[in-house]
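Heads up, the thing below is written out as structure tokens.
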Amino acid sequence: MRPSDPGGRLKVLKNRHNGSYTWQVIAGSATLGLVVAAGAVLAAGPWDNGQRKAERALAVTSDRTGGTHHGRPTPEGPRPAPSAPSVLPALGTTTHDAPQDRAALRDTLAPLIGVPALGTEVAASVIDTATGKQLYGRGDTTPMTPASTIKIATTTAALSVLGPDHRIATTAALSPDSRTLTLVGGGDPTLSAAALRSMAAEAAEALREEDRTSVRLAYDTSRYTGPVLHPISPNENIAPVTALMVDEGRLDDTDRGPAKRTDDPAGDAARAFAAQLRKAGVKVTGEPREARAGEKARTVATHRSAPLSALVERTLTNSDNDIAEALARQTAIAKGESADFAGARRAVTNELRKLEIPVAGAHLADGSGLDREDRVTPALLTALLARAADPDRPGLRTVLTGLPIAGFSGTLDGRYEEGSEGTGLIRAKTGTLRGVNSLAGTVVDPQGRLLAFAFLASGSLSATEAEPALDALATALAGTGG
């Protein structure tokens, strides 16, 4: 049974036939509306790319992604909302003193969390992000397979270490004798054909200044170490993890969801760069070969990725596995660890520990959540979300703004029923593996509190049954309270 709506609230209905949205205001408490609106600002935040994505949902038509089969993704991220900061100061006095109402919450969740659709084991944590107090817990310190909700940990660590303005550089370096040009991968899986074209034009100009009309081409992938194949690879949900690739190694014109991937993303990128050099008037002799650029080579062309804040939002909204693994390795490099799966695990775990996140029992086998050896607790996930909501940590805010919005964006675009109380109010990262389903995110309750929740389930027989059961739990949080 869904919770009642005694005070009325803004509802968002979606026409599934034409993709349009209908906003319907139902008469009710003006005070509740203001509280929910203020809470939504906190959830979205004005930081970085932090304008609430629901405000732009009507303008959304497509997006670039590399996620798994969770759903249809949305654009890279909205522009900041400069007016939002003026709303935030009043939030503390409006919401933080609301009664905890743990008993009501427990009674509401009890019949929903025990449904057979969720499988044989369910663990949960719900906290008030303003106070850090736990409002509900069920096996909240039990390590479980998180699937893609582990991306919350990956992205938080990357933002904490590198900062939201960090960009990943791909460069072209010319040897001292100007005879060899090396394309040097920095680990940007979003590198595009357009970026290669621009880099080729820069490199061609540098070669003309050296009176060179031909060049040998090499490519350097040494920024990453260790195995390039994810433990589940080859797999259409992720390309080989290498420091050099174009469009996530996709072999078709898709930009989202599963797709056939090249088994040689670095070589393909180098060959594409060679083609662009030829178009720019440079003769490329021989086939590109893999080799390091050398310490004395000088950079003649550079492309920088979108800011890390945008990459984080894309990772979370679209459940992008390729970017997630790249961010884990960028974190490892910044912390002086080896840029491989093991080094990324150490780096991310140590950064979470630095953030005072409870990592007991956690095992971050990868950055994407595709590895079934991953283990986290619900308490870890809700603690991460609380850190991202902390006003003193604005650099982490895009962990919240990147979360899909129920019924609107990313992997939650096709979930939540028309007229559901959770539609437009719940922001959450989804997770799906065979027999594993998870949901972790934030919601503003009727008392105006911004709650962080994590529901991890295993042993389910059908994702199509487990996902609505998880959605019902999150919706209950949006309607619980007194």
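Any read-out appearing in this document is the output of simple, stated calculations on the displayed coordinates, not a laboratory observation. Owing to the predicted nature of the structure, the values given are computational and were not obtained by experimental measurement. Backbone-built Cβ (ideal geometry, glycine too); neighbour counts: all protein chains shown.
Summary of the geometry: the stretch 310-337 and the stretch 127-205, compared by the centres of their Cα atoms, lie 4 Å apart. Counting every pair of alpha carbons in the stretch 336-398, the share spaced more than 18 Å apart comes to 39 percent. With a sphere of radius 9 Å drawn around the Cβ of Asp471, what net charge do the other residues whose Cβ falls strictly inside it have (Lys, Arg +1; Asp, Glu -1)? Charge balance in the 9 Å sphere: -1. Each peptide in 442-449, 354-361, 272-279 was scored by the mean count of other Cβ atoms within 10 Å over its residues; highest first, the order is 442-449, 272-279, 354-361. Annotation: aspartates and glutamates with alpha-carbon distance below 13 angstrom to Lys429 (same-chain offsets under eight excluded): Glu313, Asp320, Asp413, Glu467, Asp471. Charge tally for Ala206 (other residues, Cβ to Cβ under 9 Å; Lys, Arg +1; Asp, Glu -1): -1.
Which distance in Å, rounded to a whole number, links the C-alpha centroids of the stretch 246-260 and the stretch 359-419? Each part's Cα centre sits 24 Å from the other's. Take the Cβ-Cβ distance between Ala110 and Thr464 as r, set R0 to 25 Å, and report the resulting FRET efficiency rounded to the nearest 0.05. Calculated value: 0.60.
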